[in-house]
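Taking it in order: structure first as structure tokens, then the write-up.
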Amino acid sequence: MPWTDGARVLHIYAVPDLRSEFPLARLIGESRTAMLPFPIAPIGDDTLHCTLEMVADTTADKITADERNALLSALRRHLDGASALEVTAGSPVANRVGAYLDLSPDEGLLDLRERVRAAIREVRGPGALLYDGGRPHISLGYAFDTASSDELQTALRRISPSHAPVRVAGVQLLDVRFQQRPRLNGDTAWELSWEPVAEIPLDGRG
């Protein structure tokens with residue numbers, strides 16, 4: 001399902017807590033400084049995330065309260081027994097769509113993703129899963145014009161230390177809205193906002 005301006009879609013994210021993750025906050029701040037000369041709309045502290053999966057068969061406004069509750073129940077069952085994770089973010093990477101932080105090691109996050117996918121598949125069928133997701137990462141910003149990714153990568157490589165620990169202690173079910181916002185050069189860039197639906201702590205704490 002392609003993004004359309006104003007569309008709302010249910011997503012399941014791992015959301016870092018920058019209030020307690022000081023090295024991560026520093027790394028993200030220095031990455032934003034490196035991105036300043038480039039046409040990239042930075043993602044704000046309140047919407048930084050690692051996408052685990054999205055419900056891609058329909059928009060969030062068409063999913064009833066009963067259907068959301070069924071999905072939440074399935075997520076809780078499939079995430080039961082999953083442990084909190086300690087992973088590493090970085091180094092920052094530039095590509096054609098913007099900049100991001102890879103998260104490693106992959107195994108624990110990929111296990112969370114498969115558990116989430118199993119829950120979505122159980123409730124909404126395989127048609128609700130349309131993307132492969134790629135490697136786990138935290139996006140730093142989305143490009144809205146062309147520029148040299150090599151130059152941005154050079155700027156990002158000057159950041160040291162270029163890695164930070166991240167704790168994944170839960171996953172969140174969110175109602176995410178995508179909107180096109182104007183930029184000073186007349187272009188537009190995607191921005192997202194969300195409304196929380198539920199949080200599922202890991203290690204059986206919820």
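Quick rundown of the values:
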quantity: Extension reserve of the Thr59-Gln180 stretch, reckoned as 0.36 nm per residue once the Cα distance is removed; calculated: 41.9 nm
quantity: Amide proton proximity set for Val197, modelled H, under 5 Å, gap of 5+; calculated: Leu173, Leu174, Asp175
quantity: In sequence order, calculated HN-Hα J values of the range 63-72 (Karplus, 6.51, -1.76, 1.60; Hz; x Gly/Pro); calculated: 9, 6, 4, 5, 5, 5, 5, 5, 5, 4
quantity: Among Ala65, Ala164, Ala56: highest mean-square fluctuation, GNM of the chain, C-alpha pairs under 10 Å; calculated: Ala65
quantity: Calculated log₁₀ intensity ratio I(q)/I(0) where the Debye formula runs over C-alpha points of the range 51-149, q = 0.14, 0.24 Å⁻¹; calculated: -0.66, -1.20
quantity: Cut-off under 5 Å, modelled amide H: who pairs with Gly170 long-range; calculated: Leu202
quantity: Phi to ³J(HN,Hα) by Karplus 6.51 cos²θ - 1.76 cosθ + 1.60 over the range 79-90, Hz, x for Gly, Pro; calculated: 8, 4, x, 6, 9, 4, 10, 10, 10, 10, 9, x
quantity: Rough spin-label spacing in nm, given labels placed 7 Å along Cα→Cβ, for Asp106 and Thr154; calculated: 3.0 nm
quantity: Rg to Rh, two decimals, where the chain supplies the alpha carbon set and Rh follows Kirkwood; calculated: 0.97
quantity: Förster radius 35 Å - calculated FRET efficiency between Asp187 and Asp80 (Cβ-Cβ, nearest 0.05); calculated: 0.20
quantity: Length gained when the stretch Thr88-Ala7 is fully extended (0.36 nm per residue, less Cα-Cα span); calculated: 26.0 nm
quantity: Percent of C-alpha pairs per 10 Å bin, the range 101-206, short to long; calculated: 10, 30, 36, 21, 4
quantity: Distance between modelled label sites at Thr146 and Asp45, nm, 7 Å Cα→Cβ extension; calculated: 3.7 nm
quantity: Potential extension, Leu72-Glu122 segment - 0.36 nm per residue separation minus Cα distance; calculated: 16.9 nm
quantity: Acute angle (nearest 10 degrees) that the helix 107-124 long axis makes with the longest principal axis of the chain, alpha-carbon atoms; calculated: 50 degrees
quantity: For Glu53, residues with placed amide H under 5 Å, excluding near neighbours; calculated: Ile12
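Where a number appears in this text, it was derived from the coordinates with a stated rule and is not lab data. Remember, predicted model here, so these are calculated numbers, not experimental data. Quick reminder, even Gly has a Cβ in these numbers, built from the backbone with ideal geometry, and neighbours come from all protein chains shown.
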